[in-house]
Amino acid sequence: MKQLFKYLPEPRNLFDEGFIRLSQPVALNDPFEASFCSESLDELSSHFDYSMAQDPEFGDITFSQYIEMRKHNIGVISLSENKENLLMWAHYANEHKGVVAGISHFSRMDSIFQKLFRADTLINTSWGENYSPFDGIPKPVSYRKGLRYRNDKFDYDYSNIDAEGADRILYEVFMQKSDEWIYEQEHRVVLRLEQADRVVIENVQHIENDAIRERIISSSYSSINSVDSSCIINLYEIDDDVIRVSVAMQLAKLSHNPKSIYLMKLNPSCINNCLLGLNSSFNKATVQGAFASSVGYLDIWKAVRNNDYYSLEFTQI
C-alpha cells in the first residue's frame with residue numbers, strides 16, 4: 001500500500017461525497033508547469049519512427065506543438081508523502097487551520113477512483129488502455145534543475161512511442177518540476193480533463209457548442225443555478241461513452257477559466273485518514289462524512305505541538 005496525503009484549507013466535499021479537485025494548469029501555483037525544452041524535444045522526436053504527433057483536431061503536428069495545444073486539457077491531483085511538513089500546512093492548509101486527507105493506493109486496485117472513465121480510443125492518442133498514461137495511479141514527481149528534455153532527452157526508453165502516442169510526452173512533462181519544490185515530496189495523478197466525474201462551471205452560457213449547451217441545460221445530470229447560471233454537471237451519470245466524451249470535450253475547453261472546477265470521485269476505501277490542523281476549528285463530526293466512513297475505517301487525528309522541536313505530533317480522536 002502506498003500512503004499519501006492531500007493538504008486542504010477545508011474539508012470541502014471530499015469526506016462527504018468523495019470529490020477531489022483535478023486542477024488545470026491555470027489553477028496551479030507553479031508558473032513553470034508543463035515547461036519543457038522544445039528544441040530538444042524536436043531533436044528527440046526526429047529519432048522516432050514517426051516524428052509527428054497525430055491530433056484528431058489539428059492533424060499532424062510536432063510533439064512540441066501538441067503539448068502547447070493540449071496541456072490545458074490536462075488536470076493534476078497533487079499528493080505528498082509527508083503529513084508533517086510545516087510549510088505545506090502553512091501554504092496549502094490555511095496556516096494550519098485546514099486538514100490533511102490520508103489517501104492510500106493499493107497495488108491490487110487499478111486507480112484511486114471509484115470508477116475511472118477511460119474511453120481511451122475516444123480521447124487519447126495511445127492504442128488502448130494498455131498504453132494510456134492517464135491511469136489514475138499516483139506516481140512520484142521527478143525533480144531537476146533543467147527543463148524536461150534539455151539534458152535528459154535520451155535518458156528514457158521511447159521504443160514504444162508509436163503505440164503510446166503523443167500523450168506519453170504530454171503526460172511526462174507534467175511529471176517533472178524544479179528541484180526548488182523537492183520539499184513537497186509530491187506524487188501526482190495526471191489525467192485528461194475529459195475524464196472528470198463532475199465539472200462546475202461559472203456560467204452555462206460559456207459553453208460555445210449550441211447543441212451541447214442545450215443538452216446540458218435539459219439533462220437530468222446537470223443542475224443550473226437560476227440566479228447566476230452557474231452549473232454543476234455530473235458526467236459520471238452519463239451511461240453512453242460517446243455522449244459523455246462529446247460533453248466532456250466541450251467542458252474541457254473552459255479550462256482557461258480558473259473558476260472552472262473539474263472533480264474526480266475517489267474510491268471510499270482509499271480515504272483512510274483525516275488530520276486536523278494545529279489551529280483548525282474543525283472537529284471529528286465535521287469531517288466524518290458518510291462517503292469516507294462508508295468502508296468503516298476513517299481514522300481522525302489532531303495535530304499538536306512538539307515542545308522540544310519545530311515539529312508536529314498527532315493524537316487520535
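The values are calculated or read from the model by the stated rules, or taken from the named source; none is laboratory data. Just so you know, these numbers come straight off a predicted model, no measurement behind them. FYI the Cβ positions are ideal-geometry reconstructions off the backbone, even for glycines, and counts take in every protein chain you see. Just the protein is used for accessible areas: all its heavy atoms, side chains included, with ligands, DNA and RNA removed. Shrake-Rupley method; radii C 1.70, N 1.55, O 1.52, S 1.80 Å.
Quick one: which residue in ASN279, ASN272 is under 25 Å from ILE137 (Cα atoms) and either of a type outside the set (Ser, Thr, Tyr) or part of a loop (DSSP other than H, G, I, E, B) (or both)? It is ASN272. If you go through the range 300-311 and keep only what is open to solvent by less than 60 Å² (accessible area, probe 1.4 Å) and either over 28 Å from the mean Cα position of the chain (by Cα) or acidic (Asp, Glu) (or both), you end up with VAL304, ASN306, SER311. Note on the range 120-148: residues that are within 28 Å of LEU4 (Cα to Cα) and either in a loop (DSSP other than H, G, I, E, B) or open to solvent by less than 10 Å² (accessible area, probe 1.4 Å) (or both) total 13. Is the range 2-20 home to any residue that is more than 20 Å from ALA196 (Cα to Cα), open to solvent by 50 Å² or more (accessible area, probe 1.4 Å), in contact (Cβ under 8 Å) with a residue 24 or more places away in the chain and of a type in the set (Ser, Thr, Tyr)? No: the range 2-20 contains no residue that is more than 20 Å from ALA196 (Cα to Cα), open to solvent by 50 Å² or more (accessible area, probe 1.4 Å), in contact (Cβ under 8 Å) with a residue 24 or more places away in the chain and of a type in the set (Ser, Thr, Tyr).
For SER246, the requirement of being of a type in the set (Gly, Ala, Ser) and farther than 25 Å from GLU68 by Cβ is not met. The sole residue among GLU208, GLU186 that is in contact (Cβ under 8 Å) with a residue 40 or more places away in the chain and crowded, with 18+ Cβ neighbours inside 10 Å is GLU186. Quick one: count up the residues across the range 37-88 that are under 30 Å from LEU4 (Cβ atoms) and among the polar types (S, T, N, Q). Matching residues across the range 37-88 total 5.
For the range 189-205, which positions are open to solvent by less than 20 Å² (accessible area, probe 1.4 Å) and part of a helix (DSSP H, G or I)?
Passing the criteria: LEU193, GLU194, GLN195, VAL204.
Matching residues to (1) under 25 Å from GLN250 (Cα atoms); (2) at pLDDT 95 or above; (3) in contact with a Lys or Arg (Cβ under 9 Å, 6 or more places away or on another chain):
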residue	(1), (2), (3)
GLU57	yes, no, no
THR62	yes, yes, no
ILE74	yes, yes, yes
LEU87	no, yes, no
GLY98	no, yes, no
LEU116	yes, yes, no
ALA119	yes, no, yes
ASN124	yes, no, yes
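Looking only at the range 32-66, residues that are of a type in the set (A, V, I, L, M), touching a Ser or Thr at 6+ places or on another chain (Cβ under 9 Å) and either free of Cβ contacts under 8 Å to residues at least 24 places away in the same chain or more than 22 Å from VAL141 (Cα to Cα) (or both) come to 2 in all. Of the residues making up the range 49-75, those that are surrounded by 15 or more Cβ atoms within 10 Å (Cβ to Cβ) and of a type in the set (Phe, Trp, Tyr) are PHE63, TYR66.
Of everything in the range 159-188 that is hydroxyl-bearing (Ser, Thr, Tyr) and modelled with pLDDT of 95 or more, the residue that is nearest to GLU129 (Cα to Cα) is TYR171. Every residue in the range 149-172 that is in a loop (DSSP other than H, G, I, E, B) and either in contact with a Leu (Cβ under 7 Å, 6 or more places away or on another chain) or not charged (D, E, K, R) (or both), please. Selection gives TYR149, ASN151, LYS153, PHE154, TYR156, TYR158, SER159, ASN160, GLY165, ALA166. Within the range 230-243, identify whether any single residue is at pLDDT 95 or above, buried (at least 17 other Cβ atoms within 10 Å of the Cβ) and in a loop (DSSP other than H, G, I, E, B), and answer yes or no. Yes: one or more hits. A count restricted to the range 252-287 and to residues that are open to solvent by 30 Å² or more (accessible area, probe 1.4 Å), touching a strand residue (DSSP E or B) at 6+ places or on another chain (Cβ under 7 Å) and more than 26 Å from PHE134 (Cβ to Cβ) stands at 3. Kindly evaluate SER220 against the criterion of being in a loop (DSSP other than H, G, I, E, B), under 17 Å from VAL199 (Cβ atoms) and open to solvent by less than 70 Å² (accessible area, probe 1.4 Å). In short, no.
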